[in-house]
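The values are calculated or read from the model by the stated rules, or taken from the named source; none is laboratory data. Worth saying up front: this structure is predicted, and the values here are computed from it rather than measured. Every residue, glycine among them, receives a Cβ derived from its backbone with ideal geometry; neighbour counts consider all protein chains shown. Each accessible area value is taken on the protein alone, full model and side chains, heavy atoms only, with ligands, DNA and RNA left out. Shrake-Rupley method; radii C 1.70, N 1.55, O 1.52, S 1.80 Å.
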Amino acid sequence: MRQPSQVHFILVLGLVFWSLGIAGCAGGRITFHVSNSASLQTVDADLEYAQLQADSTRKALDELVLSDPPDLGRAYREFTERASRMNLVGERLVRHADGLEYRGKSYLVEAEKSATECQYPRLSNTARTKPLELGAAFDPIAAAAISVRRAYRAFESDLSNIRPALSANPTTKGIETVDIFIRKAAVDEESLTRALGQARALVQDAKTAGLPPSPLPQGKERQ
C-alpha cells in the first residue's frame, strides 16, 4: 500500500486548521484565544458568568438537600451539571489570576478590534496586541483576582467532595454523610460571590476609566 507523503500530511493538517479557523470566525463557536493574555472585557465577562454560575450551583445544591427521595436522582444530575459549569468558568478565573500574578501588567491587553477576529496560539498577533495601560489600577485588580482564585478553590474543594460521595448513593442517607461539606459549600459560595463582586467592580471601574470622552453637543466646548 502506498504511504501518504509528508507533504500530503502537511496539506491535510493545514486544511483542518483553516476549516476550524473559518468556523470560529464565522460562527463564533470555535475561537482560539491567546492563553497568556486577556482583555478587561474578557475578564469582566468571566467574572460575571462566574457570579451567575456560583449562584446557580448553590441553588442546585439547596434543591438537592431539600428534595424528596423520589426526586433525588434528578436533583443530583442537575447539581452535577451546574457544578461542572462552575468548574469550567472557575478554571478561567484561575488562569486570569495566574496571568496577573506571574505575568504582571503584560497579561492585560487592549481588546480585539472585532468580536470575530480569530487568535491562534503561537501564531497569533500577540506581538501586535498592545498591553493595557492601567497604572495604579492594576495592583488592586491583580489582588482581587488572587482573592477570587482562593475563594474558588475552596468552593471547588467542597464540590469535589460532594459529587463523588453522592454519585453512587444519591439518597437521604448519602446527603447526611456529606452534610459538613454541604454546609461549608454554602459559606464558601458566599465568599466566592463576594470576591467576584469586588473584583468585577474594580475591572468595571478600570474599563470606564479607559473609555474615550463622550462627544459634546454641537456648540459646546470642553472647559
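You will find that of ALA186, ALA199, the residue that is in a helix (DSSP H, G or I) and either closer than 24 Å to ARG103 by Cα or touching a Pro at 6+ places or on another chain (Cβ under 7 Å) (or both) is ALA199 and no other. Screening ARG92 against (1) at pLDDT below 95; (2) part of a helix (DSSP H, G or I) leaves a single unmet condition, (1).
Counting the residues of segment 105-159 that are among the small types (Gly, Ala, Ser), modelled with pLDDT under 65 and loosely packed, with under 15 Cβ neighbours inside 10 Å gives 3. If you filter segment 59-104 down to residues that are of a type in the set (Phe, Trp, Tyr) and open to solvent by less than 80 Å² (accessible area, probe 1.4 Å), you find that the one that is nearest to the chain's Cα centre (by Cα) is PHE79. Scanning segment 160-187 for residues that are charged (D, E, K, R), open to solvent by 70 Å² or more (accessible area, probe 1.4 Å) and touching a helix residue (DSSP H, G or I) at 6+ places or on another chain (Cβ under 7 Å) yields one hit, LYS184.
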